[in-house]
Every structure is written in structure tokens, then in C-alpha cells.
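Engineer: Quick one: the structure is below, and I'll ask about it shortly.
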Amino acid sequence: MKAKIDGVSWLKEYTNTYGTYHLHKISYNGKDALYNSKKKEQTYFIINQECEFTEEIIKGKEGKKDWIKVKPLRAGSGNSNFGRAVKKEQSKYSGFAMAYAKDLLVAGKIETLDQMYVEAQNMIDWMVEQDKALES
């Protein structure tokens, strides 16, 4: 989502298994959310500037209310390793596809090497298409 930031305030510093973090309160569109940053002087959420971020509702523990967690969208990096994992998996597709196309050739289902390459490419295209369907 995109929103104009109405307010930013630093709340506290804390340490977890990943290191030292700083908790900030971000105000926008009449809502308050929490943002974790590695730096006390975070540079993404700036008052009176519009920025793009994801919003996640976190269920409060027993007796506590739900709260909102925000994460900035960064161009090219994404918010997870999903994109990298997909690319890594896709790099294996050519080997799989060629092995299966070779099996078709050996089994007599296709007859020429040219057909084998075409079938391998069809399999790669299909696998990439399936990845895109899973992402959305």
C-alpha cells in the first residue's frame, strides 16, 4: 500500500537472536503501526512523504489487542527470499527438462534430437508458468 506518513517516533531498542533492532511507531491514514529497523535513525518512513509498504495485522496475545506491523517495499529486493528461491529452482529446470525429453526420445515417443530440444523447452516454459501462477 502507499500512504503519506503523518508521524514517526522511536520507541525502544531491543536485542533478539538476529541482533540489535529499533522499534518505531509509524502513523499514517489515522492508523498507528510498528516498524523494526536495524538503525535508530531509520530512513524509509519520513514525515510528510509518501512511501510504499506492506501492512500486516499481528494478533495480540491473550488479553492484548491486535496491532499493525509495516515493512517497506524495496525495489528489486522483495521482502523475502521467495524470488531468489524461485530463480534458483528455475536454474535447475533445463537439466530436468532435458533429462525427461531424453527419456521421451529413448522410449520412442519422439523421434529426433530437434524434437527433444523442443519438448525440453516446452517443459521449461510450463514450469516457469507454474511458478508465476503460484506467486500470484
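Engineer: Just to confirm the filter: which trypsin sites (Lys or Arg not before Pro) across region 1-42 are DSSP coil and have at most 16 other Cβ within 10 angstrom of their Cβ? Present the calculation step by step, with values, prior to reporting the outcome.
Structural biologist: On the way: sites: 2, 4, 12, 25, 31, 38, 39, 40; in loops: 38, 39, 40.
In loop regions of region 1-42 (DSSP not H, G, I, E or B), the sparsely surrounded trypsin sites (Lys or Arg not before Pro) are 38, 39, 40.
Engineer: Can you give the longest stretch of the chain with no exposed loop site, where a site means GluC sites (Glu not before Pro) in a DSSP loop (not H, G, I, E or B) with at most 12 other C-beta atoms within 10 Å? List each step's numbers first, then the result.
Structural biologist: Working: sites that count: 41, 62, 111.
Counting only loop sites that pass the neighbour cut-off, the longest clear stretch is 63-110.
Engineer: Averaged across orientations, what area in nm² does the convex hull of the alpha carbons in the chain project? Could you put the intermediate results ahead of the total?
Structural biologist: On the way: hull surface 51.0 nm².
Hull-based average projected area comes out at 12.8 nm².
Engineer: Can you pull out the chymotrypsin sites (Phe, Trp or Tyr not before Pro) in region 1-69 that DSSP calls coil and that have at most 14 other Cβ atoms within 10 Å? Write down the numbers at each step before the final one.
Structural biologist: On the way: sites: 10, 14, 18, 21, 28, 35, 44, 45, 53, 67; in loops: 18, 44, 45.
Passing both the DSSP loop test and the Cβ count: 18.
Engineer: Pairs 59/88; 4/65; 31/59; 38/69; 59/132; 2/64: which are spaced more than 22 Å apart, C-alpha to C-alpha? Show your work: numbers first, answer last.
Structural biologist: Values: 59/88 33 Å; 4/65 25 Å; 31/59 16 Å; 38/69 15 Å; 59/132 30 Å; 2/64 28 Å.
Exceeds cut-off: 59/88; 4/65; 59/132; 2/64.
Engineer: Here's another thing I want to ask about it. List the trypsin sites (Lys or Arg not before Pro) within region 96-136 that fall in a DSSP loop (any state other than H, G, I, E or B) and whose Cβ has at most 11 other Cβ atoms within 10 Å. Walk me through the numbers before you get to the answer.
Structural biologist: Numbers: sites: 102, 109, 132; in loops: 109.
Passing both the DSSP loop test and the Cβ count: 109.
Engineer: Which one, 27, 91, 37, has the greatest fluctuation when you compute a Gaussian network model over the chain with C-alpha springs under 10 angstrom?
Structural biologist: Top of the fluctuation ranking is 91.
Since every read-out is calculated from the coordinates, none of them should be taken as a lab result. In this text the structure is predicted, and so the values were computed from the model without any measurement. Methodologically, a virtual Cβ is constructed for each residue, glycine included, from the backbone with ideal geometry; neighbour enumeration extends over all protein chains shown.
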